[in-house]
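Every number in this text was worked out from the coordinates using simple rules, so none of it is lab data. Just so you know, these numbers come straight off a predicted model, no measurement behind them. Heads up, the Cβs are rebuilt from the backbone with ideal geometry, glycines too, and the neighbour counts pull from every protein chain shown.
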Amino acid sequence: MEQKNSPVPRVVEADFAAAAGPGGELPPPTFPEVAFAGRSNVGKSTLMNALLQRKNLVRTSSTPGCTRSVNLFKARCSDGLELFLVDLPGFGYARRSKGERAGWGPLLEGYLQRRASLRAVVLLVDVRRGPEEEEIQLLDFLRAGSQADRPPLSIILVATKVDKLPLAQRKPAVQKASLPGMPALGFSGVTGDGIEPLWRKIRKAIGVEV
Ligand SMILES: Nc1nc2c(ncn2[C@@H]2O[C@H](COP(=O)(O)OP(=O)(O)OP(=O)(O)O)[C@@H](O)[C@H]2O)c(=O)[nH]1
Ligand SMILES: [Mg+2]
C-alpha cells in the first residue's frame, strides 16, 4: 500500500552524463546507480523520463531496440541526493530459441556484473504479460552474484503500461505480475501513476529514506 508520508524530494537537476558502448567508457563510480532493465520496447526510457521529470531527456521510440548503449543520467534531488539512473539496452529483440541459456550480450552482462557502484536494478515487465522466462533468467543472473566488490543488489519489479488496461483490471493485473517475495509496482508513462512509490523504493534501495 502506498505510504502517506512526506512527499519524495523532487529532482532539481537531470542531465545526460555518459554513454558506454563498445569503445565508450563509463565515468568513475562516483554516485550510487540504479539501472533499468527489461525487454525491448517495454518502456525503460519512458519510465526514466518520468522519474527525472523530463519529457525527452532519455530517447524513446516505438521501434524496439532503440537503446543500444549503457546510458547514464545524473539526477540531483532537492535534498541533495545525487545518483545515476542508467538506461540499459533492451533484451529479447533478437529471438532466442526456448530453453536456450540467456546471453545478455557482453555490454549488459559486463555492466551488471562489474559495476561497483550499482545498487539497484529496476526490472520492467509489461503488465499484460508479467514476468516470463527471460525475466526469470535475468533475475537468476543478477542473483548469481557479481564480480564487483559491492553490497547485494536490490531488485525492484515494475509492471508498466497499466494505462493499456481498463481501470478495474489494473490492480489484479499488477498483482498477477508479482513474483514470490517481490511485489510488482504498477506504473504508467501516460498517467504518471506509480512515480512517487517508485522513487520511495529506489531511495530505500540505495539506503536513503525519505
Ligand atoms: N501506453 C503506454 N505506452 C508506453 C508506456 N511506456 C512506454 N510506452 C511506449 O512504448 C514504446 C517504447 O518505449 P521506450 O521507453 O522507448 O521503451 P524501451 O524499453 O526503452 O525500449 P528499448 O530502448 O528499445 O529497449 C514507446 O512508443 C512508448 O511511448 C506506458 O506506460 N503506457
Ligand atoms: Mg530505451
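Peptides 47-59, 135-147: what's the order by average Cβ count within 10 Å, highest mean first?
47-59, 135-147
Only bridges whose two residues both fall in the chain count here: according to DSSP, what percent of them are antiparallel, nearest 5?
Numbers: 15 of 34 bridges.
Taking every DSSP beta bridge with both residues in the chain, the antiparallel ones total about 45 percent.
Peptides 159-170, 183-194, 118-129: what's the order by average Cβ count within 10 Å, highest mean first?
Ranked from most to least packed, the peptides come out as 118-129, 183-194, 159-170.
Treating the beta-carbon of each Lys and Arg as +1 and of each Asp and Glu as -1, no other charges, what is the dipole magnitude of the chain about its Cα centre, to the nearest 20 debye? Kindly include the intermediate steps, with their values, before the conclusion.
Details: 30 positive and 21 negative charges, 90 e Å.
In debye, rounded to 20, the chain gives about 440.
Quick one: what are the phi-derived ³J(HN,Hα) couplings along the range 130-139, Karplus 6.51/-1.76/1.60 with θ = phi - 60°, whole Hz, x for glycine and proline?
My calculation for the range 130-139 gives x, x, 10, 3, 5, 5, 5, 5, 5, 4 Hz in order.
Expressed as a rounded percentage, what relative contact order does the range 11-205 have, with Cα pairs under 8 Å and six or more residues apart?
Details: 359 pairs, mean separation 42.6, N = 195.
Computed over the range 11-205, the figure is 22 percent.
Taking the Cβ of residue 168 as the centre, find all other residues whose Cβ is under 15 Å away and add up their charges (Lys, Arg: +1; Asp, Glu: -1).
Here the count lands on +3.
Using the charge dipole of the chain (Lys, Arg: +1 at Cβ; Asp, Glu: -1 at Cβ; taken about the Cα centre), state which of 17, 138, 42 has its Cα farthest towards the positive end.
Farthest towards the positive pole: 42.
Using only the alpha-carbon atoms of the range 11-205, report the extent along each of the three principal axes, biggest first, to the nearest angstrom.
45, 43, 33
Would you mind ranking 158, 174, 8, 208 by Cβ crowding within 10 Å, fewest neighbours first?
Arranged by neighbour count, lowest to highest, 158, 174, 8, 208 become 208, 8, 174, 158.
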